[in-house]
There are 2 protein chains.
Amino acid sequence: MAKTQSSDEMGTLSSKDLETVIRGADLRPTRQRLALANLLFAKGNRHITAEILHTEALDAGVKISLATIYNNLHQFTDAGLLREVVVDASKSYFDTNTLPHHHFFYDEEQRLEDIPDGQIRVENIPDIPEGYNISEVGVIVRLSRS
Amino acid sequence: MAKTQSSDEMGTLSSKDLETVIRGADLRPTRQRLALANLLFAKGNRHITAEILHTEALDAGVKISLATIYNNLHQFTDAGLLREVVVDASKSYFDTNTLPHHHFFYDEEQRLEDIPDGQIRVENIPDIPEGYNISEVGVIVRLSRS
DNA sequence: GAGTAGTTTAGAATATTTCTAAATTATTGA
DNA sequence: TCAATAATTTAGAAATATTCTAAACTACTC
C-alpha cells in the first residue's frame, strides 16, 4: 500500500497504520488519540460532532474527556486528517474526507452527506480581489422532507 | 413604486415604507423594531450579526436589549425579510438580500460579501433521495490573504 | 530510569443564543 | 377616550457549544 493515503481510503487501517498516521502528524499515539483515530478513520467516511464522538468513545469503553475530543479534533484538522464543515450555526462537523467535495445537509436530521467530487461543478466564480486567494469553495445542498 | 419590493431594492425606504413592510409581516411597528428595520434596510445590502446590530442600535441612541435584537432578527427571517447565512461556526449572519445568491467570506476579516446571482452557476447537482426537496443551494467562496 | 515535553483532565470560563416571567406598549372595539 | 387584549420588550437566568487553565499523567529521549 502506498505510504501516503488520502483520507478517502483510510477505511481499512489497522491499528499499526493508525499509529503511523498519528506519528506522521507529529502527534503521540496515546491511548485516547488512537481510540479516536480508530473511531474516525477505521470505517469509511464520517461526519461527526464533538459530542457524538465523545458518546461513541464512552460507549466503546474509552475513558476520555470532552476537552480531549476537542483537542484532538483540532489537531487532526490542523494535520490535514480532518476537515471542518460549517453547516449549522450552533455546532461544528468534522469530515474524515479531506478531498475536495461538497455536501448534502438533511435539515430535519441534522445530517451531512458527501456529494462525491466531480459530481457538482461550480462555474463562473468571479474575479477575486487583489491580494486574496480562494481557500475553499464549499457547496451545501440543503434537503428537507417534502 | 411597486407594492412588493425585493429586499434588494429596499435601500431607499422611508420610515412610512418601513412601517408598511413591518405591518405586512404581521408585526407591530414598535420603536425598537422600526429602528432595527431602519438600520437593516435603509442602506442597501447588509450582512450583520446580532452583536453588531446591537452595537449599531446603541450607537444610534436606540435603547434596546440584545434579546430584542434576536427576537426581531428571527421574526424578520421568518417573514422572509432576512436570510440567515451559516458561514462561521460560532455566530450567525443575517443577510438583507433574500434573493438567491452566493457569498464570498473573507476569513481574516470575518466578513461576508454577496456574489450577485447569475454570476456563479452550480451544475450537475445529483439526484436527491425520494421524499426530499432542495431547500437551498449555498455556495461560499472563502478568501484569505495571499 | 530521570528529565522533558506533550497530553489529558476536571472544572472554570467564555461566547452566543434562548428562555422566563414580569413590565411595557400597541391595538381593538365599546 | 378608555379598558381589555395581545404583542413586545426586557433583565437576568439558563442553555449550549467551545475554549481555557493549571495540575496530574504519560510518552519519549538520552
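Consider segment B:61-90. How many of its residues are in a loop (DSSP other than H, G, I, E, B) and open to solvent by 70 Å² or more (accessible area, probe 1.4 Å)? Number satisfying all stated conditions: 2. A:V87 passes every criterion in (1) touching a residue at least 24 places away in the same chain (Cβ under 8 Å); (2) among the β-branched types (V, I, T); (3) away from chain B (no Cβ under 11 Å) apart from (3). Sort out which residues of segment B:39-68 are more than 10 Å from DNA strand D (Cβ to nearest atom) and of a type in the set (V, I, T), and write them in order of number. Those that are more than 10 Å from DNA strand D (Cβ to nearest atom) and of a type in the set (V, I, T): B:I48, B:T49, B:I52, B:T55.
Within segment A:86-108, is even one residue small (G, A, S) and more than 16 Å from DNA strand D (Cβ to nearest atom)? Taking every residue of segment A:86-108 in turn, none turns out to be small (G, A, S) and more than 16 Å from DNA strand D (Cβ to nearest atom). Of all the residues in segment A:54-69, those that are under 24 Å from A:D114 (Cβ atoms) and within 12 Å of DNA strand C (Cβ to nearest atom) number 3.
Taken over segment A:105-145, the criterion of being part of a strand (DSSP E or B), open to solvent by less than 50 Å² (accessible area, probe 1.4 Å) and either over 29 Å from A:N71 (Cα atoms) or at the interface with another protein chain (Cβ under 7 Å from one of its Cβ atoms) (or both) is satisfied by A:I115, A:I120, A:V122, A:Y132, A:V137, A:G138, A:V139, A:I140, A:V141, A:R142, A:L143, A:S144.
Restricting attention to segment B:88-109, the residues that are over 13 Å from the mean Cα position of the chain (by Cα) and either closer than 23 Å to A:F105 by Cα or of a type in the set (S, T, Y) (or both) total 8.
The values are calculated or read from the model by the stated rules, or taken from the named source; none is laboratory data. Worth saying up front: this structure is predicted, and the values here are computed from it rather than measured. Every residue, glycine as well, gets a Cβ built from its backbone with ideal geometry; the counts of neighbours run over all protein chains shown. Each accessible area value is taken on the protein alone, full model and side chains, heavy atoms only, with ligands, DNA and RNA left out. Shrake-Rupley method; radii C 1.70, N 1.55, O 1.52, S 1.80 Å.
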